[in-house]
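Asks: Shown below is the structure under consideration.
The values are calculated or read from the model by the stated rules, or taken from the named source; none is laboratory data. These numbers were taken from a predicted model, which means no experiment stands behind them. Cβ placement follows ideal geometry from the backbone for every residue including glycine, while neighbour counts extend to all protein chains displayed.
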Amino acid sequence: MLLKWMVCKVKPEQKERFTQTQTHWGALRYVQGFLGQIGGWNHASPDEACILGLWQDASSYRRFMCHFHDGIFTNSNQGETYDSISVILSCRKNQIPGEHPELFDCLQEAGMLHIMEIKTSPSFQWTDGQVQGTENDPGIKSGVISQVVGEGQRILMMTLWGQSRPEQEGWAASWRERLGVHILQERCVTLEKCWCVLPGDKQNS
């Protein structure tokens with residue numbers, strides 16, 4: 001699975017319009033290889049829009065970018081609503097235990113997305129045993145650990161929660177202690193239900 005993590009610095013007076021333009025991305029549901037997309041506002045920086053897209057693999061994503069992306073983006077006029085955008089692509093390495101076996105199985109019911117950007121040592125290796133401790137964290141719907149494309153020591157750790165968010169300081173500290181990694185950045189995103197897009201066969205299920 002390929003994950004696309006996007007962060008937009010939205011102009012304060014354009015937040016409502018940004019949300020309106022997000023509806024144009026509903027066209028994603030018809031694209032082959034698309035698994036789902038969610039997004040919302042950073043709890044700590046309310047003018048920061050955060051969006052997570054899930055794709056079956058890199059070839060599906062490349063096909064979308066070549067044949068569909070520019071048309072949707074141009075028609076939405078979304079580029080007029082933000083000052084900057086950053087995009088990170090990553091590939092799944094490990095699944096984080098939760099109520100659901102897969103991240104894309106609980107996109108509709110999640111209320112919060114927590115993401116940590118982690119730097120590891122060159123010799124560091126993730127194992128299934130390292131993520132089993134999350135079973136004791138009530139509220140996790142599902143999660144994933146992914147490797148940033150082209151950067152061997154940079155990891156994204158994403159977890160979906162219900163309506164409550166994790167205690168960020170304690171959550172991050174537990175992972176620093178457990179794995180001995182350096183957390184570069186941490187965000188807790190309040191998800192907007194109207195930003196959620198599911199594949200066509202799941203949209204109304």
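Here's the yes/no breakdown for (1) small (G, A, S); (2) farther than 16 Å from R92 by Cα; (3) at pLDDT 90 or above; (4) not in a strand (DSSP E or B):
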| position | (1), (2), (3), (4) |
| --- | --- |
| Q132 | no, yes, no, yes |
| S142 | yes, no, no, no |
| I145 | no, no, no, no |
| M158 | no, no, yes, no |
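Asks: Using the structure shown, decide if D105 is over 22 Å from S142 (Cβ atoms) and either among the acidic types (D, E) or in contact (Cβ under 8 Å) with a residue 12 or more places away in the chain (or both).
Replies: no
Asks: Being crowded, with 16+ Cβ neighbours inside 10 Å and either of a type outside the set (A, V, I, L, M, F, W, C) or assigned to a loop (DSSP other than H, G, I, E, B) (or both) narrows it down to one of Q14, Q20, so name that one. Can you show your working first?
Replies: Working: Q20 fails: crowded, with 16+ Cβ neighbours inside 10 Å.
After ruling out the rest, the residue left standing is Q14.
Asks: Check whether at least one residue in the range 12-35 is touching a Cys at 6+ places or on another chain (Cβ under 7 Å), closer than 25 Å to G150 by Cβ and not polar (S, T, N, Q), and report yes or no.
Replies: No - not one qualifying residue is present in the range 12-35.
Asks: Does S86 satisfy the criteria of being surrounded by fewer than 17 Cβ atoms within 10 Å (Cβ to Cβ) and in contact with a strand residue (DSSP E or B) (Cβ under 8 Å, 6 or more places away or on another chain)? Walk me through how you get there before you give the answer.
Replies: On the way: surrounded by fewer than 17 Cβ atoms within 10 Å (Cβ to Cβ): yes; in contact with a strand residue (DSSP E or B) (Cβ under 8 Å, 6 or more places away or on another chain): yes.
The answer is yes for S86.
Asks: Which residues, counting only those in the range 1-42, are of a type in the set (V, I, T) and touching an Asp or Glu at 6+ places or on another chain (Cβ under 7 Å)? Before the answer, list the steps.
Replies: Going through the range 1-42, the residues of a type in the set (V, I, T) turn out to be 7, 10, 19, 21, 23, 31, 38.
Hits for the range 1-42 are V7, V10, T19.
Asks: What are the residues in the range 23-41 that are in contact with a Gly (Cβ under 7 Å, 6 or more places away or on another chain) and surrounded by 16 or more Cβ atoms within 10 Å (Cβ to Cβ), if any? Explain how you work it out, then say what you get.
Replies: Within the range 23-41, the subset in contact with a Gly (Cβ under 7 Å, 6 or more places away or on another chain) is 29-30, 37.
Residues satisfying the conditions are R29, Q37.
Asks: When the residues of the range 23-46 are narrowed to those that are outside any helix (DSSP H, G or I) and among the aromatic types (F, W, Y), which ends up nearest to C106 (Cα to Cα)? Spell out the reasoning first.
Replies: At the first step, the residues of the range 23-46 found to be outside any helix (DSSP H, G or I) are 31-46.
Now narrow it down to the ones that are among the aromatic types (F, W, Y): 34, 41.
Numbers: F34: 15, W41: 19 Å.
Filtering first and then ranking leaves F34.
Asks: With respect to the numbered conditions (1) in contact with a Phe, Trp or Tyr (Cβ under 7 Å, 6 or more places away or on another chain); (2) under 23 Å from M1 (Cα atoms), which one is the sole condition not fulfilled by T81?
Replies: Every condition holds for T81 apart from (2).
Asks: Criterion first (surrounded by 21 or more Cβ atoms within 10 Å (Cβ to Cβ), touching a strand residue (DSSP E or B) at 6+ places or on another chain (Cβ under 6 Å), at pLDDT 95 or above and not in a helix (DSSP H, G or I)) does A49 satisfy it?
Replies: Values: surrounded by 21 or more Cβ atoms within 10 Å (Cβ to Cβ): yes; touching a strand residue (DSSP E or B) at 6+ places or on another chain (Cβ under 6 Å): yes; at pLDDT 95 or above: yes; not in a helix (DSSP H, G or I): yes.
Yes: the conditions hold for A49.
Asks: Name the single residue that is modelled with the highest pLDDT among those in the range 106-125 being more than 17 Å from C50 (Cα to Cα) and surrounded by 17 or more Cβ atoms within 10 Å (Cβ to Cβ).
Replies: That would be C106.
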